[in-house]
Amino acid sequence: MKPEETVDYNMKVCWHAISRMYNTEAVKNDITTSIGFVLLNIDQEAGTPATKIAPLLGLEARSLTRILKSMEEKKLIYKVSDERDKRLVRIFLTEKGLEKKEVARRTVKHFNQKVREAIPEQELDVFFRVSSRIISMIENKEIF
C-alpha cells in the first residue's frame, strides 16, 4: 500500500496544509495558529480556567503552558486567581487579545465558508461522520 492510500497519511497531509495556511495568516498578525486556537477558546466574560483549555485543543499541559507564556509576553492575555479556589487560574483576554481573537475567528470562518462553497454538504456530512468514527475508535481503544 502506498502512503498516499492510507487514512492517516491523508489526514496528516490535509491538516498540515490547513495548518500552513492558518500560519501564513497568523504570521501577518504576529500570532501563531496555536495562539489563534487558544484565543478562540477563551470565554471573555467568565474567563476560562487554564486547565480546561488544553483538553479543548488536544494539547498536553506542557505545550499549553508554553503557549500561554508566549501569549502573556505578547500582552494577549492576563491571568486571575479564582476568588473561591486560589489554585484555579482563569485566563482573560486583553484588548489586544480580543482584536487577535477576532482575526482568528474571521480566518476560521472564511476557511469554512470557502470549503462549504466548494464541497457539497452531503460530502461534508460523510467526512464528519467518518472523522467522528475514527476518533471514537481511537478513544475507545478499538485500534490498539
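The values are calculated or read from the model by the stated rules, or taken from the named source; none is laboratory data. Because the structure is a prediction, the values reported are computed rather than measured. In this analysis, Cβ positions are derived from the backbone assuming ideal geometry, glycine residues included, and neighbour counts consider all displayed protein chains.
Across segment 109-140, the number of residues qualifying as among the aromatic types (F, W, Y) and surrounded by 11 or more Cβ atoms within 10 Å (Cβ to Cβ) comes to 2. I'd like the full set of residues that are assigned to a loop (DSSP other than H, G, I, E, B) and of a type in the set (A, V, I, L, M), limited to segment 29-85. Correct list: I31, I42, A46, L59, L76.
Each row is one residue, and each column tells you yes or no for (1) of a type in the set (K, R); (2) under 16 Å from the mean Cα position of the chain (by Cα).
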| residue | (1), (2) |
| --- | --- |
| I35 | no, yes |
| L39 | no, yes |
| I42 | no, yes |
| A46 | no, no |
| L56 | no, yes |
| T65 | no, yes |
| L68 | no, yes |
| V80 | no, no |
| K96 | yes, no |
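Taken together, I143, I91 contain a single residue that is among the aliphatic types (A, V, I, L, M), loosely packed, with under 11 Cβ neighbours inside 10 Å and not in a helix (DSSP H, G or I), which is I143. Every test in (1) exposed (fewer than 14 other Cβ atoms within 10 Å of the Cβ); (2) modelled with pLDDT under 95; (3) under 26 Å from H110 (Cα atoms) is passed by E4 save one, and that test is (3). Of all residues in segment 31-64, those that are in contact with a helix residue (DSSP H, G or I) (Cβ under 8 Å, 6 or more places away or on another chain) and charged (D, E, K, R) total 1.
Pairing each residue of segment 51-63 that is under 16 Å from I35 (Cβ atoms) with any residue that is of a type outside the set (G, A, S) and not in a helix (DSSP H, G or I), provided the two are 6+ apart or on different chains, yields C-beta distances under 9 Å for I53/N41; I53/I42; I53/L59; I53/I91; A54/E60; L56/N41; L56/T48; L57/N41. Pairing residues of segment 123-140 that are over 18 Å from K12 (Cα atoms) and in contact (Cβ under 8 Å) with a residue 12 or more places away in the chain with residues that are surrounded by 11 or more Cβ atoms within 10 Å (Cβ to Cβ) and not aromatic (F, W, Y), at Cβ distances under 8 Å and at least 6 apart in sequence or on separate chains, gives no pairs at all. Let me spell it out: the conditions are (1) under 18 Å from the mean Cα position of the chain (by Cα); (2) at negative phi; (3) at pLDDT below 95, and F92 meets all of them except one. Which number is the exception? Unmet for F92, out of (1) under 18 Å from the mean Cα position of the chain (by Cα); (2) at negative phi; (3) at pLDDT below 95: (3).
Condition check ((1) modelled with pLDDT under 95; (2) surrounded by 18 or more Cβ atoms within 10 Å (Cβ to Cβ); (3) hydrophobic (A, V, I, L, M, F, W, C)) across all residues:
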| position | (1), (2), (3) |
| --- | --- |
| L40 | no, no, yes |
| L59 | yes, no, yes |
| D85 | yes, no, no |
| T107 | no, yes, no |
